[in-house]
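The values are calculated or read from the model by the stated rules, or taken from the named source; none is laboratory data. Everything quoted here is computed from the prediction, not taken from an experiment. Reconstructed Cβ throughout: ideal geometry from the backbone, glycine too, with neighbour counts over all protein chains shown. Just so you know, the surface numbers come from the protein's heavy atoms only, side chains and all, with ligands and any DNA or RNA stripped out. Shrake-Rupley method; radii C 1.70, N 1.55, O 1.52, S 1.80 Å.
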Amino acid sequence: MSELKSLVEEARQAFAQAATPVELEDAKAVFVGKSGRITALMKGLAGLSVDEKKAQGAAINEVKREVEALLQAARQALADAALAKQLAAEALDVTLPGRQRSSGGLHPVSLTLERIEGIFGSMGFEVADGPEIETDWFNFTALNTPEDHPARSMHDTFYVEGGQASAPNLLRTHTSPMQIRHAVQHVKRHRAALDAGEGMPEIRVIAPGRTYRVDSDATHSPMFHQCEGLWIGENVSFKDLKYVFTAFCKTFFEDDELVLRFRPSFFPFTEPSAEIDIQFSSGPLAGRWLEVAGSGQVHPNVVRNMGLDPERFIGFAFGMGPDRLTMLRYDIGDLRLFFDGDLRFLRQFA
Ligand code: DAH
């Protein structure tokens, strides 16, 4: 009888020590399995008298029930513990502050390009886009810069595969080829009206984009930006260029007192040509003359290459550097900051 008592106690301890369901089932086998101790006790009843069998059998059955109840409780305890552990591991603390998603911002040069497009757009200029890999014709020849012309050496050109051996394709050294590309399209669209002796809507366009030259220092990058401007009509003059560009600079730099200076210069595709300098009325750069663009009256040869009669059509062009405009607007000393991708710098404009 006392073995029966201690058996329940032993089972309780064995079940309590089982740390996993597998261990628990192993422990169970020791007591109630086919070759377990309770089964062995049952078998031992065989040699007893009928009365003893009755009494002993009832006692063993009672122990068996207790052990099975203990087993059931132990199984439940393990299952509860496993669930509690899983819940703890997957706990979601809804009172924690959310993780913030940082918002991006436009690159300072992109901001400048948007401003340029906005300001010229308000003055009736379209925005045109064109290829960065150019032919020799559009980049040089059509712009009145024939082969062997000394002006070609003003540009340190990246040549690429393709094109003719004598005139390989290249990365455009300026946005000026867009003058020709855009004008040719415009003229094509209005060819019938022109041939019929009717007029043509004026060409009024800017063409911003990437340009390339073999050059690299604090104020030059092999890839940089330019924005071309072109206004061609039957009655467009230098005073229009002056008016438009002055209005642009005053708006862009938010300086109504800003002054412009047109300094005589040379470009193959304009005659006369001028470099445009500005002077701020206030701020750290006030009082200094700062070059911001090249410009001029479009050369008759270029007008011809646009498919127009230079006796009838006249206009002006300009080309400016959005990188430089950005440096002036924010007083930034090193152009390379724009292209290093340093977020500490870029975040200041977001
Ligand atoms: N393409 C010239 C350059 O890269 C800039 C320029 C000068 C553009 C005069 C023009 C212009 O349209 O009229 O240096």
Q: Restricting attention to helices (runs of 4 or more DSSP H) lying wholly within region 269-350, give those where 1 or more residues are within 21 Å of residue 152 (Cα to Cα) and open to solvent by less than 40 Å² (accessible area, probe 1.4 Å).
A: 300-305
Q.
Being outside any loop (DSSP other than H, G, I, E, B) and without any contact (Cβ under 8 Å) to a residue 24 or more places away in the chain is the filter here; which residues of region 141-176 pass it?
A. 150, 152, 153, 154, 159, 161
Q: Might you check whether a residue that is touching a residue at least 60 places away in the same chain (Cβ under 8 Å), more than 16 Å from the ligand (Cβ to nearest atom) and not small (Gly, Ala, Ser) occurs anywhere in region 264-279?
A: no
Q: Answer yes or no as to whether residue 179 is away from the ligand (no atom under 16 Å from the Cβ) and either without any contact (Cβ under 8 Å) to a residue 12 or more places away in the chain or assigned to a helix (DSSP H, G or I) (or both).
A: no
Q.
Just the residues that are in contact with a helix residue (DSSP H, G or I) (Cβ under 6 Å, 6 or more places away or on another chain) and either assigned to a loop (DSSP other than H, G, I, E, B) or within 17 Å of residue 61 (Cβ to Cβ) (or both), please, taken from region 8-27.
A. 8, 11, 18
**Q.** Some residue of region 32-49 being outside any helix (DSSP H, G or I), of a type in the set (A, V, I, L, M), over 30 Å from residue 223 (Cα atoms) and out of contact with any helix residue (DSSP H, G or I) (no Cβ under 9 Å at 6 or more places or on another chain)
**A.** no
Q) Of the residues that make up region 110-124, is at least one in contact with a Pro (Cβ under 6 Å, 6 or more places away or on another chain) and either of a type outside the set (A, V, I, L, M, F, W, C) or modelled with pLDDT of 95 or more (or both)? A) yes
**Q.** Subset of region 301-350 (residues that are of a type in the set (S, T, N, Q) and within 16 Å of the ligand (Cβ to nearest atom))
**A.** 301, 305
Q: Determine which member of the set 187, 205 is of a type in the set (A, V, I, L, M), within 14 Å of the ligand (Cβ to nearest atom), in the same structural domain as residue 297 (by TED's automatic domain parsing) and farther than 21 Å from residue 136 by Cα.
A: 205
Q. Does residue 238 count as more than 27 Å from residue 157 (Cα to Cα) and modelled with pLDDT under 95?
A. yes
Q: Working only within region 112-140, note down all residues that are without any contact (Cβ under 8 Å) to a residue 40 or more places away in the chain and hydroxyl-bearing (Ser, Thr, Tyr).
A: 122, 135
**Q.** Flag for residue 133 being out of contact with any Ser or Thr (no Cβ under 9 Å at 6 or more places or on another chain) and either modelled with pLDDT of 95 or more or open to solvent by 50 Å² or more (accessible area, probe 1.4 Å) (or both)
**A.** yes
Q: Tell me which residues, restricted to region 202-258, are surrounded by fewer than 17 Cβ atoms within 10 Å (Cβ to Cβ) and assigned to a helix (DSSP H, G or I).
A: 238, 239, 240, 242, 243, 246, 247
(Q) Take residue 328 and tell me if it is among the hydrophobic types (A, V, I, L, M, F, W, C), modelled with pLDDT under 95 and within 38 Å of the chain's Cα centre (by Cα). (A) no
Q.
Here's a check for you: in region 152-176, which residue that is open to solvent by less than 20 Å² (accessible area, probe 1.4 Å) and either touching a Gly at 6+ places or on another chain (Cβ under 7 Å) or not assigned by TED's automatic domain parsing to the domain that holds residue 136 (or both) is farthest from the ligand (Cβ to nearest atom)?
A. 175
